Amino acid sequence: MIKKVTSFLFLFITAINLAQAPQKLNAVETFEQLQKLNFLGKVLYVAAHPDDENTKLITYFSNHYHAQTAYLSLTRGDGGQNLIGTELREKLGAIRTQELLAARRIDGGEQFFTRANDFGFSKEPNETFAIWDKKEVMEDVIQVIETFRPDIIVNRFSHNTPGTTHGHHTASAMLSLEAYDLVKYQPKRIFFNTSWWFYGSQEAFDAADKSKLLAINSNVYYPLKGKSNNEIAALSRSQHKCQGFGTVGSRGGETEYLELLKGDLPSNTNLFEGIDTSWNRVKGGEAIGKILYDIEKNFNFGNPSVHIPNLIKAYDLIQNLEDSHWKAIKSKQIIKVIEACSGLFMEAVADSETTTKDSKFNLNIEVINRSQSNVKLISVNALNLKNETKNAPLKYNEGLNLKFKDLVVGNKVDYSNLFWLKQKQTEGMYQVPDKSIRILPEVSSSFPVIFTVEIEGKTIEFVKNISYKFNNPDDGETYVPFTVLPDVTSKIEPEVIIFNGTQGKEISVTVKAHRSNVKGILSLNIPADWKINPKEIPFEIATKNEEKKFTFTLYPTKQEIATTLSAKVEIGNQTFDNKLITIQYPHIPKQTILVPSQSKLVKLDITTKGKKIGYLMGAGDEVNKNLENLGFQITNLNPSEITTENLKQFDAVILGIRAFNVIDELKYKNKILFNYVHEGGNLIIQYNTTNNLITKEVAPFELEISRDRVTDENAKVTFLAPTHKVLNSPNKITEKDFTGWVQEQGLYYPNKWGSEFIPILASNDDGESSKKGGLLIAKYGKGNYIYTGLSFFRELPEGVSGAYRLLANMIALDK
């Protein structure tokens, strides 16, 4: 099984990223790949989330030692927040997965995951393991170790300090250390990447016993790159844009510390002491090393193609290795070096970005040999469906172009989707039955094209993936993934539909055709006791990518309920019930996600007052969009629109999450907001983090934000001010309104405030003291200043009725 997984894994690692332009390595980059080819050693770095990894060490291992270096992030970071858009949960996980891959392309590392779902913050590992399936996550950690076979493992976090950091962090270290003793393949040593921070202070660290610590001056300078180690690491870490982790590179010495956990401590700073990282490590490797070390020593940067005959000899010897693990790895690596040295360019581009399973498309093939080597294109096999035999010599710098016409991917190919989202996940785990892919970041060879090429008499197969490219007026040549979609997708709007009373409401459904001449019937699956008109709508769409919008009128039941509305399209004997989500940012490839076409239905009894709301977006949420469900008139504000005169029109002004972390203008616009309150407005500030506050004056009175939070969404809530208007008017708030909350109750509560504030609620996680800063209200002049750490940004998109009622009361104060 390991052999099968290993082969698939390294095919994945060397394949072109779906949405990236083909790699065209320059001579320096080719030489660096040769250095990696000549180093037979590996390091695995382990932590819990995207952005947990120490990119300085990953860069150092990969570029100083030239070691194969991988980062195992137990989760895809779905539970975090998003500073660049409104995507949360699974959509955020897709972004953060790609940001990790972008980081690894810069620092030279590779990427792995487990099936663990980032369900949100936990305070200690027992809470984490109560939600994750520890056995299954451990299986994945073991699979990564036995597949990758690292010589050295480095944990980002301590395994023996539970409760001092995120529970996922400690859990990652515990799992890694346990797996070290369970795996069949035994790594040489395992470390904890410690620092003064884990000791509480620099003074405590200076006084600590360092007999088991290895100190490494990691910030070396790489002349070939013209950058220091930390300059490269900063570029890598800055790919975590949705977390706001852009950082500045540094030059000069910097020490990293590794604490030995198991294995033997090297006597010097050579982490690989006692490990043979030369070609002598494998039987039959001595002859290979003799050839490849000579090429490295005498590398011709002006004309790398002179090394191809000897590279071919080494490739032949690698094919005879008995060690299947190193044979697979080094075969892929040397093929990459041969391709780069020959200047060989191979590309397969579809004439359309998308297709359906039975639609026809054309494939344009380009092959060119940009060296003086003897190269011949033997054949091209597309999608394992069509094989074009050519036996055509490739003369220097003369392109060969082929076209495969009327290709059809067929029913055996799945729709393009993120593999870990194809089955419904649990709160703690993603469901991925195929063990061979579950530890990978993505599957990038869905549409393989195999180029069989003869180079200097040796036949080698190069695998590329179909892509789609076009000329973007702003960016020029642009690549996006080639995707397979259903015949149609549908989208219900809005995603959360609130009914207050029994009056009907118009529901819009947009149907998009992904092939021409679509004819079908659209209908909505409604809960019992609800009514709809019409029951179904026949439609026709003539043109591919055309959209049509249809309207139903939905009448709710009398009872309060939260349920689901789903759409389906019937075309002949086929039913299509997916919604298409696309995510596109400049720093990552375009992502395509297919999910059930559904909206949340919420029937609740709610009264609203104060209709006009100004909303200032912070780090990214959809609270403004969700409030429109209640009939509020939302005006989305730019910071420049925060003026005394402009704010007068609003009954309430709401600041989105982390506004005081990400909007620089609030350094001076805060006074205008406070004046708005003083003149009779209601100002609602949603949570901000303690880091990077642009001003300490987030309130007109004393207010100090802390890291206090209540992670248990079901934590019992006590009303500290039961007679306060916010709990009684226009809606009566009861304990029932805090049932059905998701992920967490609230975060970053203030822990100190002036006497002007009235704390409204109290709750706490098990074993902790009561937290009273979740909702604070202070009269200021004629209006109300409200600060809340309650997670409305998570609850409203999930249709949590109590969250809607409480927020409506906050808006309605004194109206």
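Being closer than 30 Å to A619 by Cα, in contact (Cβ under 8 Å) with a residue 60 or more places away in the chain and not in a loop (DSSP other than H, G, I, E, B) is a property that holds for L235. Would you confirm whether or not segment 152-173 contains a residue that is free of Cβ contacts under 8 Å to residues at least 60 places away in the same chain and surrounded by 21 or more Cβ atoms within 10 Å (Cβ to Cβ)? Yes; the residues of segment 152-173 include at least one that is free of Cβ contacts under 8 Å to residues at least 60 places away in the same chain and surrounded by 21 or more Cβ atoms within 10 Å (Cβ to Cβ). Checking each residue in segment 234-261 for being more than 20 Å from Y71 (Cβ to Cβ) and modelled with pLDDT of 95 or more picks out only L260.
Taking every residue in segment 375-390 that is on the phi < 0 side of the Ramachandran plot and pairing it with any residue that is of a type in the set (V, I, T) and assigned to a loop (DSSP other than H, G, I, E, B), at least 6 positions away or on another chain, the pairs with Cβ-Cβ distances below 8 Å are A382/I466; L385/V408.
In the set I705, I694, I672, I685, which member is assigned by TED's automatic domain parsing to the domain that holds N764, farther than 14 Å from I760 by Cβ and more than 36 Å from the chain's Cα centre (by Cα)? I'd like the intermediate steps shown before the answer.
On the way: I705 fails: more than 36 Å from the chain's Cα centre (by Cα); I694 fails: more than 36 Å from the chain's Cα centre (by Cα); I685 fails: more than 36 Å from the chain's Cα centre (by Cα).
Exactly one residue qualifies, and that residue is I672.
Would you check if there is a residue in segment 79-87 being under 16 Å from F113 (Cβ atoms) and part of a loop (DSSP other than H, G, I, E, B)? Give the steps one after another, and end with the answer.
To start, the set of residues in segment 79-87 that are under 16 Å from F113 (Cβ atoms) comprises 79-80.
Now narrow it down to the ones that are part of a loop (DSSP other than H, G, I, E, B): 79-80.
Checking segment 79-87: at least one residue is under 16 Å from F113 (Cβ atoms) and part of a loop (DSSP other than H, G, I, E, B).
Looking only at segment 278-298, count every residue that is surrounded by 18 or more Cβ atoms within 10 Å (Cβ to Cβ) and farther than 16 Å from L40 by Cα and tell me the total. Of the residues in that region, 1 qualify.
Which one of N629, N646 is modelled with pLDDT of 95 or more and either in contact with a strand residue (DSSP E or B) (Cβ under 8 Å, 6 or more places away or on another chain) or more than 18 Å from Y804 (Cβ to Cβ) (or both)? Break it down into steps so the answer makes sense when it comes.
Working: N629 fails: modelled with pLDDT of 95 or more.
Going through N629, N646 in turn, just one is modelled with pLDDT of 95 or more and either in contact with a strand residue (DSSP E or B) (Cβ under 8 Å, 6 or more places away or on another chain) or more than 18 Å from Y804 (Cβ to Cβ) (or both): N646.
Is it the case that segment 665-676 has a residue that's closer than 20 Å to W753 by Cβ, surrounded by fewer than 16 Cβ atoms within 10 Å (Cβ to Cβ) and not charged (D, E, K, R)? No - not one qualifying residue is present in segment 665-676. Filtering segment 476-483 for residues that are free of Cβ contacts under 8 Å to residues at least 40 places away in the same chain, surrounded by fewer than 16 Cβ atoms within 10 Å (Cβ to Cβ) and not assigned by TED's automatic domain parsing to the domain that holds S599 leaves a non-empty set.
Yes or no, residue by residue, for (1) buried (at least 16 other Cβ atoms within 10 Å of the Cβ); (2) under 23 Å from N638 (Cβ atoms); (3) in contact (Cβ under 8 Å) with a residue 24 or more places away in the chain:
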residue: N682; (1), (2), (3): yes, yes, yes
residue: Q686; (1), (2), (3): yes, yes, yes
residue: I694; (1), (2), (3): yes, yes, yes
residue: S706; (1), (2), (3): no, no, yes
residue: V710; (1), (2), (3): yes, no, yes
residue: E713; (1), (2), (3): yes, no, yes
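In segment 419-428 there is no residue matching the filter, namely being closer than 30 Å to D577 by Cα, in contact with a strand residue (DSSP E or B) (Cβ under 9 Å, 6 or more places away or on another chain) and at pLDDT below 90. Checked against (1) touching a helix residue (DSSP H, G or I) at 6+ places or on another chain (Cβ under 9 Å); (2) surrounded by 14 or more Cβ atoms within 10 Å (Cβ to Cβ), L214 passes all but a single condition, namely (1).
The single condition among (1) exposed (fewer than 15 other Cβ atoms within 10 Å of the Cβ); (2) touching a Leu at 6+ places or on another chain (Cβ under 9 Å); (3) farther than 22 Å from S791 by Cα that E645 does not meet is (2). For the condition under 26 Å from I581 (Cβ atoms), of a type outside the set (F, W, Y) and at pLDDT 90 or above, P433 qualifies. Could you list, in sequence order, all residues of segment 772-802 that are among the charged types (D, E, K, R) and farther than 29 Å from E90 by Cβ? Of everything in segment 772-802, those that are among the charged types (D, E, K, R) and farther than 29 Å from E90 by Cβ turn out to be K772, K779, K782.
Only residues that are surrounded by 24 or more Cβ atoms within 10 Å (Cβ to Cβ) and in contact with an Asp or Glu (Cβ under 7 Å, 6 or more places away or on another chain) were counted in segment 78-96, giving 4.
Each row is one residue, and each column tells you yes or no for (1) under 26 Å from G781 (Cβ atoms); (2) in a loop (DSSP other than H, G, I, E, B); (3) touching a helix residue (DSSP H, G or I) at 6+ places or on another chain (Cβ under 7 Å); (4) of a type in the set (D, E, K, R).
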site	(1), (2), (3), (4)
K609	yes, yes, yes, yes
A619	no, yes, yes, no
N624	yes, no, no, no
N629	no, no, no, no
I634	yes, no, yes, no
S640	yes, no, no, no
F660	yes, no, yes, no
Y668	yes, no, no, no
G680	yes, yes, no, no
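Residues in segment 517-544 that are under 30 Å from E353 (Cβ atoms) and in contact with an Asp or Glu (Cβ under 9 Å, 6 or more places away or on another chain): N517, V518, K519, G520, I521, L522, S523, L524, I541. When you check F112 against the structure, is it within 30 Å of K327 (Cα to Cα), crowded, with 23+ Cβ neighbours inside 10 Å, of a type in the set (F, W, Y) and out of contact with any Asp or Glu (no Cβ under 6 Å at 6 or more places or on another chain), yes or no? Yes. Among the residues of segment 182-232, those that are in a helix (DSSP H, G or I) and without any contact (Cβ under 8 Å) to a residue 12 or more places away in the chain comprise W196, W197, Y199, Q202, E203, A204, F205, D206, A207. Considering segment 715-748 alone, what residues qualify as being under 28 Å from G163 (Cα atoms) and either touching a residue at least 60 places away in the same chain (Cβ under 8 Å) or of a type in the set (D, E) (or both)? F738, T739, G740, W741, Q743, E744, L747, Y748 - these are the residues of segment 715-748 that are under 28 Å from G163 (Cα atoms) and either touching a residue at least 60 places away in the same chain (Cβ under 8 Å) or of a type in the set (D, E) (or both). Screening V496 on (1) surrounded by 13 or more Cβ atoms within 10 Å (Cβ to Cβ); (2) of a type in the set (A, V, I, L, M); (3) out of contact with any Gly (no Cβ under 7 Å at 6 or more places or on another chain); (4) assigned by TED's automatic domain parsing to the domain that holds Q574 shows it passes everything except condition (3). Out of the residues in segment 566-615 that are in contact with an Asp or Glu (Cβ under 9 Å, 6 or more places away or on another chain) and acidic (D, E), which is surrounded by the most Cβ atoms within 10 Å (Cβ to Cβ)? Here the answer is E570. Taking the criterion of being surrounded by 17 or more Cβ atoms within 10 Å (Cβ to Cβ) and either more than 19 Å from P448 (Cβ to Cβ) or modelled with pLDDT of 95 or more (or both), would at least one residue in segment 389-399 satisfy it? Scanning segment 389-399, I find at least one residue that is surrounded by 17 or more Cβ atoms within 10 Å (Cβ to Cβ) and either more than 19 Å from P448 (Cβ to Cβ) or modelled with pLDDT of 95 or more (or both), so the answer is yes.
Looking at segment 655-664, can you tell me whether even one residue there is modelled with pLDDT of 95 or more and either more than 21 Å from C242 (Cβ to Cβ) or not assigned by TED's automatic domain parsing to the domain that holds D621 (or both)? No. Taken together, I106, I95 contain a single residue that is among the β-branched types (V, I, T) and either more than 16 Å from I58 (Cβ to Cβ) or touching a Pro at 6+ places or on another chain (Cβ under 9 Å) (or both), which is I95.
The values are calculated or read from the model by the stated rules, or taken from the named source; none is laboratory data. What you see is a predicted model; the values in this text were computed from it and never measured. Using ideal geometry, Cβ is built from the backbone for each residue, glycine included, and neighbour counts are taken over all protein chains shown.
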